[in-house]
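Q: One structure follows; several queries about it will come next.
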Amino acid sequence: MSGTLIDFCKQLEPTALKLPAALLQAARDGVEFQHHFPTTREEPWKYTRLGRVAALKLTPVNINQSAERLPASDTIDIIFEHETWHCAEPTAGLHIDFSGDLDASAWNACTLQGHVQHINALSAQGGVAIRVDANTTLIKPIRIIHRLQGEHTGLILHHQLVLGNHASAQVEVFFEGTSEDSYANVLFDFFIGAGANLHADMLQQTKGTHYGFHTQRIYQQKDSTFALQTLTANTHFTRNEVEVFSQEEGTHTQLYGAFIGRENNHIDNHTYVHHKAPNCTSDENYKGVLADKATGVFNGKVKVYQDAQKINAYQSNKNILLSDSASINAKPELEIYADDVKCSHGSTTGQLDQHALFFLRARGISETKATDMLIKGFMAEIVGAVKSIHIQEALHALLD
Amino acid sequence: MAGYTENELAKDLADKEYQYGFISEIDSDVVPPGLNEQVIHLISAKKNEPAWLLDYRLKAFEVWKTMTEPEWAHVAYQKPDFQAISYYAAPKQTKKFESWDDVDPEMKETMAKLGISLEEQQRLTGVAVDFVMDSVSVGTSFKAKLAELGIIFCSFSEAVQEHPALVQQYLGTVVPITDNFYAALNSAVFSDGSFCYIPKGVRCPMELSTYFRINAGGTGQFERTLVIADESSYVSYLEGCTAPQRDENQLHAAVVELIALNNAEIKYSTVQNWYPGDKEGKGGVFNFVTKRGLCEAHAKISWTQVETGSAVTWKYPSCILKGDYSVGEFFSVAVTNNYQQADTGTKMIHLGKHTKSTIISKGISAGHSQNSYRGLVQIHKQADHARNFSQCDSLLMGSVSGAHTFPYIECKNASAQIEHEATTSKIGEDQLFYCQQRGISEEKAISLIVNGYCKEVLNQLPMEFAVEAQKLLSISLEGSVG
Amino acid sequence: MLKITDLHASINGTEILKGLSLEIKAGEIHAIMGPNGAGKSTLASVLAGKEDYEVTSGAITFEDQDLLEMSIEERAREGVFLAFQYPVEIPGVSNVNFLKTAINEIREHKGLPALSAKDFLRLVKEKSALVDLDASLASRAVNEGFSGGEKKRNEIFQMAMLEPKLAVLDETDSGLDIDALRIVASGVNTLKSKENATLVITHYQRLLDHIIPDFVHVLYDGKIVKTGGKELALELEEKGYDWIKSVE
């Protein structure tokens, strides 16, 4: 493989964030140790080739911040466009900061895993730090839009969302625009306080030969609830890594996802739920539809630690292949070290229900329309879990 | 907990002594430990092998030297020192047995302890047994009867002498020497094993059976089995394994190749209860086996395994579904206890159109054991209308055991239909309570429930084997209540 | 036969039975009625020895032995049978195998030899006819894929096979249509003798039209608040449980 990870990072600028020295050192060591981009011989990258990523010629994005406030709307908007952050006025109990000076206490909980996170730590140019005070229920959803553009851009962001105890919030995140031969590495850290509740919907629909690496790390405290819907539509290359650390009793985690791939899109979803505490539940449901020469990957892992009894973990992955050149690689894993648990997973792959298709066509519906209807039906479970009205609308437009 | 505590369960499982732990005192003709070209020449010469087979071994040895032991399995163990192993041990009996009476009485006693007295089996069950003690086959029965039908069932060495063309044609065609570290090692040093050929259109009238045993201390066991079912033939093959108790770990790296030509069917059943090590995790057999079958058009290969033994198991009986309409099946029960580690499963490689595979795996982990299912379902681009169904269930007994599921599903064809389900849970407390309320002891209740849980797999075994397997399951879980 | 004295029992720290006393003699049929949450099923579970329930004080003797000292299966072998409200499914374990194991464990406990296959099958045939249970159900896995009615009939069939001294029927009528109810009741009545006793736990009176109790007890808030003859059941049916609450 061509360049080393160090060469890759050299194209970007050193991080603008004030990382603790130990984390920064861990990232440096990680990059040095890994040396090259991982190959398909390495388990986490078994089905995703990084040759094209390693060969990208990148220029870093200079991030500015607009002094003007965005007008108020039905969401609290945070928009990244033309290398600039624009932000609406926060409501009571909500704090939004772009200074790159993220919550120091939150850093301590972080660990770094893999080259994507290492690159992020070494080269993050900024990010949004959002804090919701304890006992605050945000009425309006927070909407974060990343509007990508240009060629050969390397955008590295590290966002943080800290939800105080018994706070409640809804977030919607967008990745859109058109960008060619570009790289984005965007990491979200979600810290969910005790009894807090966060609902997050994410839509990825960047056009062009863009290589998107998305990492979400979720740290859940006692009795907290976290729901994430990840929707990826027709992106050239997307790798999603969601890692949940259920650290205390009584947490509930919901991870839903839908991915639609066309042409030679490559969409890879990796999830990893760590059940470290007893009496928790997790529910995972990912659905993929792949057409043309698209490839999809689903790798879901649930690990139940030895003292984490009474865990109820469920994982489902269903895929539809619409063309003989499309392919899917699924790997639903369970790693269980506690005995009093109920864990299950299911995975199916197939084509659209041919009987249903025939039935619809017999009623005079064209094959294309019937196919669309069935795909919409297949995705309904996931789309239905999305709370963001904007994302709902975008999806309906996409699926119709 | 209803009726029993995890601690009691763990303790009692640990105290269970290995039933087949004994060492028979038969003089062995042992090659000094170590592996080099001389040793391979020696093995080949001792067995009076043709030049092509020596070349095959040497080529495998060259390949093996460049390979490293696989690390990906969910097992941890002290890697064997391959230079400390003796690669050939033959009982010091050069004379071929003309009749069963000629066999060393002590060897017969060994078999009796295993509960597989050859006379008994011959008389009562009509099973033809090719008994492998260490490395050399010592008794083959029913040969004449099988010969009438043109069936060849003999030791591998004998096949090399008597049917070299068949061996040369098929050896290494399903498991090439480059396949993996242990397969390469086996190809270089295999000592003996079984060979079976069923001619066209012949339905083998009896279950063919081999009992393997590791006997001499410090000797590795490198079995080589080759089963060829010619067009439209059928054979059911049983493999049973027990090993006597030893303190040092023993390596077992077998290779089994099955070839099912057009319309043929092979049913391969294994009951494996090699010495699993003591309750501290000391000793026990390392079982690193490569088993694979190739199906031509309309052929079927069915693997059934009941695994209760070995300290470390690394085993994936697989099917290459090459021909259109071919069928692969895998039925497995794996029980681990104490410090046992098992990483087992299957690979179903769908190449042909309308190919079908079924995977039913039941894992039971107790004590400090780790039990993993690892499986691959691969649908290739040209494999139109392929189907797979997989069901992997894990049962946990005891809070310090682990149960893991690592299925890989790779699909490159839109007309394929793949379904995979897996569950992990503890033994049902309400089921235990129900049984106990009817007067059944906890121990028996566990045995009942576990046997019921494994039913789908046990049902696949031939009758006499199923009984033995059920007994083994009960023994493994015996005394699980204080 | 059975004597319960001032029984207090709780689950997860919540007290459900709060001083329940009851005596049942051989040859008698007792009915316990009460509103939801009164502790009816708790009583059945405590009698059978379910370990989720903790007996905090009080005593239960069965045939002059301390029942609380016995394990679940000892109680069963001594002759306590619980017909479950929700019979459990045990996949892969055939009804026949299950019952044969149970019968022979009980016989061993009593110092009797194991039943021969022939005698066992004869018994199965005879007793399954009693509850009109299709013989094919006997070879199926325990309760797996059984309808609600089949499960309940299977419970009575097992009771017939095991011949207990004390049968505790926990809400056996729930989920049964009238025909199934009649079959179950006639099974219970046929099995009745001077040597055994039956404790019927029910929410509704309708089962008691078919199984005529000698005594009816009303359980409310963990205690027996009223005892009477079979007419008490009718009175309850007419006036409802609120009547009891007002009596309280």
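The values are calculated or read from the model by the stated rules, or taken from the named source; none is laboratory data. Here the structure is a predicted model, which is why all the values come from computation and not from measurement. Glycine also receives a Cβ, built like all others from the backbone with ideal geometry; neighbour counts cover every protein chain displayed. Keep in mind that these areas ignore ligands, DNA and RNA; they rest on the heavy atoms of the full protein, side chains included. Shrake-Rupley method; radii C 1.70, N 1.55, O 1.52, S 1.80 Å.
Q: Cross-link candidates for C:Lys194: which lysines have Cα within less than 16 Å, leaving aside residues fewer than 8 places away along the same chain?
A: C:Lys25, C:Lys165
Q: So for chain C: antiparallel DSSP bridges make up what percent, rounded to the nearest 5?
A: That works out to approximately 60 percent antiparallel.
Q: Further question on the same structure: Quantify how much of the Cα-Cα distance distribution of region A:7-78 extends past 13 Å, in percent.
A: Summing the P(r) of region A:7-78 above 13 Å gives 78 percent of all pairs.
Q: Taking Rh as the Kirkwood radius computed over C-alpha pairs, what is the Stokes-Einstein D of region A:277-390 at 10 °C in a medium of viscosity 1.306 mPa s, expressed in µm² per second?
A: Estimated via Stokes-Einstein, D reaches 98 µm²/s.
Q: Sticking with this structure for a sec: If you count, for every residue in B:424-432, the Cβ atoms of partner chains within 10 Å of its Cβ, what is the mean?
A: Mean number of neighbouring Cβ atoms from other chains: 6.
Q: Bin width 10 Å, origin at 0, all Cα-Cα pairs of region C:53-206: what percent of pairs per bin?
A: 10, 39, 37, 13, 1
Q: Determine, from the Cβ-Cβ distance of C:Asn36 and C:Arg107 and an R0 of 60 Å, the FRET efficiency 1/(1 + (r/R0)^6), rounded to the nearest 0.05.
A: Efficiency, rounded to the nearest 0.05: 0.95.
Q: Given R₀ = 25 Å, what would the calculated FRET efficiency be for B:His41 paired with B:Thr68, taking r from the Cβ atoms and rounding to 0.05?
A: With a Förster radius of 25 Å, E is 0.50.
Q: Among the lysines, which fall within straight-line cross-link reach of C:Lys152, defined as a Cα-Cα distance under 16 Å, with same-chain neighbours fewer than 8 residues apart omitted?
A: Correct list for C:Lys152: C:Lys127.
Q: Can you give the mean number of other chain Cβ atoms that lie within 10 Å of the Cβ atoms in peptide B:452-459?
A: Per residue, the number of nearby Cβ atoms from other chains is 3 on average.
Q: At 7 Å along Cα-to-Cβ for each site, give me the label-to-label distance between B:Gln169 and A:Glu263 in nm.
A: 5.3 nm
Q: Hey, rough spin-label estimate for B:Glu162 and B:Tyr77, points 7 angstrom out along Cα→Cβ, what's it come to in nanometres?
A: Going from the B:Glu162 label point to the B:Tyr77 one covers 3.4 nm.
Q: Rounded to the nearest 100 Å², what's the accessible area chains B and C bury against each other, both chains counted, probe 1.4 Å?
A: Chains B and C together bury approximately 2200 Å².
Q: To continue, here is another question. Give a residue-ordered list of calculated ³J(HN,Hα) values for region B:392-406 (Karplus: 6.51 cos²θ - 1.76 cosθ + 1.60, θ = phi - 60°; whole Hz; x for Gly, Pro).
A: Values per residue, Gly and Pro as x: 10, 10, 10, 10, 10, 10, x, 7, 10, 8, x, 10, 10, 10, 10 Hz.
Q: Which value in nm describes the separation of the simple spin-label points at C:Ser136 and A:Thr39, placed 7 Å from the Cα toward the beta carbon?
A: 6.0 nm
Q: In whole Å, what is the distance between the alpha-carbon centres of region B:49-91 and region A:1-66?
A: Each part's Cα centre sits 40 Å from the other's.
Q: If you don't mind, another one. What value does chain A have for Rg/Rh, both radii from Cα atoms and Rh as Kirkwood defines it?
A: My calculation of the ratio gives 0.95.
Q: Okay, moving on. For a Förster distance of 60 Å, can you work out the FRET efficiency between the beta-carbons of B:Met206 and A:Lys310, rounded to the nearest 0.05?
A: 0.70
Q: Dividing the convex hull volume of the Cα atoms of region A:108-231 by its residue count, what figure in Å³ per residue is obtained?
A: Cα convex hull per residue, to the nearest whole number: 99 Å³.
Q: In addition: Can you classify the protein assembly as shown as rounded, prolate or oblate using the Cα gyration tensor, where a ≥ b ≥ c are the square roots of its eigenvalues, rounded means a/c under 1.5, and otherwise it's prolate if a/b beats b/c and oblate if not?
A: It is oblate, given that a/c is not under 1.5 and a/b is not larger than b/c.
Q: Something else: Which of C:Lys3/C:Lys40; B:Lys362/B:Lys444; A:Lys46/B:Lys59; A:Lys293/A:Lys376; A:Lys140/A:Lys369 have a Cα-Cα distance over 27 Å?
A: Pairs exceeding the cut-off: A:Lys46/B:Lys59; A:Lys140/A:Lys369.
Q: Taking the convex hull of the Cα atoms, report for region C:78-117 its projected area averaged over all directions, in nm².
A: The Cα convex hull of region C:78-117, projected and averaged over all directions, gives 3.5 nm².
Q: Specify the inter-centroid distance of region A:339-357 and region C:183-248, based on alpha-carbon positions, in whole Å.
A: Using only Cα atoms to place each centre, the spacing works out to 48 Å.
Q: Expressed in nm to one decimal, what extension gain is obtained for the pair C:Glu23 and C:Ser10 from 0.36 nm per residue of sequence separation less their Cα-Cα distance?
A: So the chain would gain 2.6 nm between C:Glu23 and C:Ser10.
Q: Measure out, as a whole number of angstrom, how far apart the alpha-carbon centroids of region C:20-35 and region B:140-199 sit.
A: Each part reduced to its Cα centre gives a spacing of 73 Å.
Q: Right, another one. Please express the Cα-Cα pair-distance distribution P(r) of region A:353-400 as a list of whole percents, one per 5 Å bin, running from 0 to the bin with the greatest distance.
A: All Cα pairs considered, the percentages come to 5, 21, 27, 18, 14, 10, 5, 0.
Q: On a 22 Å Cα-Cα criterion, which of the cross-link pairs B:Lys426/C:Lys100; A:Lys287/A:Lys331; A:Lys276/B:Lys426; A:Lys303/B:Lys471; B:Lys322/B:Lys347 come out too long?
A: B:Lys426/C:Lys100; A:Lys303/B:Lys471
Q: Continuing with the same structure: Determine the calculated [θ] at 222 nm for the protein assembly as shown from helices alone, applying -39500 (n - 2.57) to every DSSP H run no shorter than 4 residues and normalising by the residue count; nearest 500 deg cm²/dmol.
A: -7500 deg cm²/dmol
Q: Return the aspartates and glutamates within reach of B:Lys455: Cα separation strictly under 17 angstrom, same-chain partners fewer than 8 residues apart disregarded; answer none if there are no such residues.
A: Straight-distance partners of B:Lys455: B:Glu307, B:Glu329, B:Asp393, B:Glu464, B:Glu468, C:Glu89, C:Glu144.
Q: Could you pull out which residues in region A:293-328 have an amide N less than 17 Å from a spot 7 Å beyond the Cα of A:Ala356, following the Cα-Cβ vector?
A: A:317-323
Q: Normalised by the empirical 2.2 N^0.38 Å for globular proteins, what value does the Cα Rg of region C:143-205 take?
A: Normalised Rg, Cα atoms only: 1.08.
Q: Name the residues whose placed amide hydrogens come within less than 5 Å of the amide hydrogen of A:Ser282, ignoring near sequence neighbours (fewer than 5 apart) on the same chain.
A: A:Thr253, A:Asn312, A:Ala313, A:Tyr314
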